[in-house]
Amino acid sequence: MNLTIEQLKYKFEQALMAAFGLEMAGTDPMLVPASNPKFGDYQSNAALSLTKKLGKPPREIAEAILGYLDVIEICNPPSIAGPGFINFTLKPAYLEGQLNSIQQDPRLGVPKTNQLQRAIIDFSSPNIAKEMHVGHLRSTIIGDSIARILEFQGHDVLRLNHVGDWGTQFGMLIAYLREVCPEALTTSDAIDLGDLVAFYREAKQRFDGDESFQETARQEVVKLQAGAEDTRKAWHLLCQQSRREFEIIYDLLDIHLRERGESFYNPLLPDVVKDLEDSGLLVESDGAKCVFLQGFTNKEGNPLPLIVQKSDGGYNYATTDLAALRYRIGQDGAQRIIYVTDSGQANHFAQVFQVAKRAGWIPNNVEIVHVPFGLVQGEDGKKLKTRSGETVRLRDLLDEAIIRFRGYLEEKIKEENREETEEFKSHVATVAGISAVKYADLSQNRNSNYIFSYDKMLAPIGNTAPYLLYAYARIQSISRQGNINFDELGTDAKIRLQEQTELVLAKHLLQLGDVINNVESDLLPNRLCLYLYELSEKFNQFYHQCPVLKAKEAVRISRLALCGITARTLKLGLSLLGIPVLDRM
Ligand code: ARG
């Protein structure tokens, strides 16, 4: 099935060609959902934008287009408004037909992409021996949702965890642990991530103030690079320790991705430097090997260098990213590579991408994008901190959301005089608590900062996960009350749209594919959130106005079918955000 907007665009182009000749092929119909329902459902501004090209007034163009526009199956006769906008209003019969045809379709009428891509999403990517912080949480949640959406569209997605598991910090940490806690380097479980983070901090202090320690640390790095067995083993243990902690978070969030950390690319770094040298881009400056960047200048206005090899022979974060880029294109066959990190790394990626392009490493059919996001702030508008001023541990943050939702839930259960098992309460609180955190993050335009507020994200009303989850559970309760299985209404459960709220809901339901297409291209999951929020609102308005179980038989079946499609749309949409549904809560 084709999306309504696609069908209209096609018909529009046909009419344009019929009216003004074949050279109009490929003209953008400029068709968008109408901003105000009083103008109908869709609106085209094409006639206005074509005045210059066609040398005619826009109304005349619009009239000529309408003369050939054959949309009788889809819309009421389109009308011209104002200077030459063309407005379309979908016919109830068309909407009914569309809804009836998606009743049995697990994809709810959303076609798979016909341009399948091999996509890599580089997300989450915390650093070993450091605590995973809120920024990594954002990357994890946003990256996972983007991955789910691309997978749903049919793309071949590789989810990569580019963990920071290599570099000079390991020399420092290992050297320090040899002194203060050698057992951490030889036995697993000797310390937990919290200790490791503390040791890391101490090691850094020591490193900054003690020259002979710096030398010891450097030697450890050399040993690690050279593959010395005990250093390797120590490194491996430290990675394991951190990994265990990360796994707990990933399990809680139901996130799955493949770890391929910085260390993986270590053997490939010398070639990056060599190939840059061969391509003539490499310049030596103060003993360091670098590429001078275009469009990035220092205070004096001179081009900034991207250092790929330091004067001591060591490599940088950027060198690893260059190697990773080459590997992903050359070995993984990636056609779209998406990096999800905070916007603080925008320059880093712009520089790496520029150098890779100038070196000729990015074929034309490969798209590389940085997907940046803003900061998570505390309610005071500053960087999120605990009350005592420390960075918030992610586990604590997630646990707190669960505990607080549990509080609301217990109250509600008491008010409603319900008896619920411990298992039920703990399951609902966990799902709703975690979903609230995910949704609060996803529902914001990722480019902006957002304020982390438990009260807001857990609220049962508003653009929140609990609101959507309640809407879904409400529909399931209709099915329970009426003893009806939505999936078994049968093929002759025909939808008839009579009331205004039914029409509004129907139109919204049929926009799912368009919204998903948009997120696929602009990588803004907040659009999907908004769609689902509006869907819940429209469902609630419908449910408020239209009796379902008490309606007469044919109407009852039609409305039940509408409820069933709404529930499935919510479930599908939420699943693309990494949020499961609850039948009861
Ligand atoms: N480990 C990095 C950090 O914590 C993020 C890595 C992002 N991915 C990449 N390919 N550089 O900031």
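The values are calculated or read from the model by the stated rules, or taken from the named source; none is laboratory data. All values reported here derive from a predicted model rather than from experimental measurement. Glycine also receives a Cβ, built like all others from the backbone with ideal geometry; neighbour counts cover every protein chain displayed. Ligands, DNA and RNA are stripped out before the accessible areas are found, and what is left, the full protein with its side chains, is counted by its heavy atoms. Shrake-Rupley method; radii C 1.70, N 1.55, O 1.52, S 1.80 Å.
Key figures
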quantity: Count of segment 386-403 residues which are part of a helix (DSSP H, G or I) and surrounded by 14 or more Cβ atoms within 10 Å (Cβ to Cβ); calculated: 8
quantity: In segment 121-133, residue farthest from E247 (Cα to Cα) [restricted to those that are open to solvent by less than 20 Å² (accessible area, probe 1.4 Å) and more than 10 Å from the ligand (Cβ to nearest atom)]; calculated: I121
quantity: Filter result (among the polar types (S, T, N, Q) and open to solvent by 60 Å² or more (accessible area, probe 1.4 Å)) within segment 290-308; calculated: Q294, T297, N302
quantity: Where S311 falls short, out of the listed (1) of a type outside the set (D, E); (2) part of a helix (DSSP H, G or I); (3) farther than 30 Å from I120 by Cα; (4) in contact with a strand residue (DSSP E or B) (Cβ under 8 Å, 6 or more places away or on another chain); calculated: (2)
quantity: Within segment 64-88, tally of residues that are part of a strand (DSSP E or B) and in contact with a Phe, Trp or Tyr (Cβ under 7 Å, 6 or more places away or on another chain); calculated: 4
quantity: Residue tally, condition within 16 Å of the ligand (Cβ to nearest atom) and in a helix (DSSP H, G or I), over segment 92-120; calculated: 0
quantity: Residue in segment 384-399 that is in contact with a Phe, Trp or Tyr (Cβ under 9 Å, 6 or more places away or on another chain) and among the charged types (D, E, K, R) present; calculated: no
quantity: Options A203, A175, A198, A217; residue that is modelled with pLDDT under 90 and either more than 16 Å from the ligand (Cβ to nearest atom) or under 38 Å from the mean Cα position of the chain (by Cα) (or both); calculated: A198
quantity: Leading residue by the ranking (nearest to the ligand (Cβ to nearest atom)) among those in segment 321-354 that are basic (K, R) and touching a strand residue (DSSP E or B) at 6+ places or on another chain (Cβ under 7 Å); calculated: R328
quantity: Residues that are out of contact with any Ser or Thr (no Cβ under 7 Å at 6 or more places or on another chain), open to solvent by less than 10 Å² (accessible area, probe 1.4 Å) and assigned to a helix (DSSP H, G or I), drawn from segment 535-550; calculated: S536
quantity: Test for Q294: is it modelled with pLDDT under 90 and either away from the ligand (no atom under 16 Å from the Cβ) or more than 33 Å from the chain's Cα centre (by Cα) (or both); calculated: no
quantity: Contacts under 8 angstrom Cβ, first residue in segment 327-356 being over 29 Å from K383 (Cα atoms), partner open to solvent by 40 Å² or more (accessible area, probe 1.4 Å) and part of a helix (DSSP H, G or I), 6 or more apart; calculated: Y327/L268; A356/R326
quantity: Count - residues of segment 462-475 that are open to solvent by less than 30 Å² (accessible area, probe 1.4 Å) and either under 21 Å from the mean Cα position of the chain (by Cα) or not aromatic (F, W, Y) (or both); calculated: 9
quantity: R358 farther than 21 Å from T140 by Cα, surrounded by 13 or more Cβ atoms within 10 Å (Cβ to Cβ), more than 14 Å from the ligand (Cβ to nearest atom) and basic (K, R); calculated: yes
quantity: From G407, G389, G360, residue being at pLDDT below 95 and either out of contact with any Leu (no Cβ under 7 Å at 6 or more places or on another chain) or farther than 30 Å from L535 by Cβ (or both); calculated: G389
quantity: Unique residue being free of Cβ contacts under 8 Å to residues at least 60 places away in the same chain and either open to solvent by less than 10 Å² (accessible area, probe 1.4 Å) or in contact with a helix residue (DSSP H, G or I) (Cβ under 6 Å, 6 or more places away or on another chain) (or both) when the list is V163, V157, V180; calculated: V157
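Residue-by-condition table, conditions (1) in contact (Cβ under 8 Å) with a residue 12 or more places away in the chain; (2) open to solvent by less than 30 Å² (accessible area, probe 1.4 Å):
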| residue | (1), (2) |
| --- | --- |
| P460 | yes, no |
| T501 | yes, yes |
| N518 | no, no |
| Y533 | yes, no |
| K552 | no, no |
| V555 | yes, no |
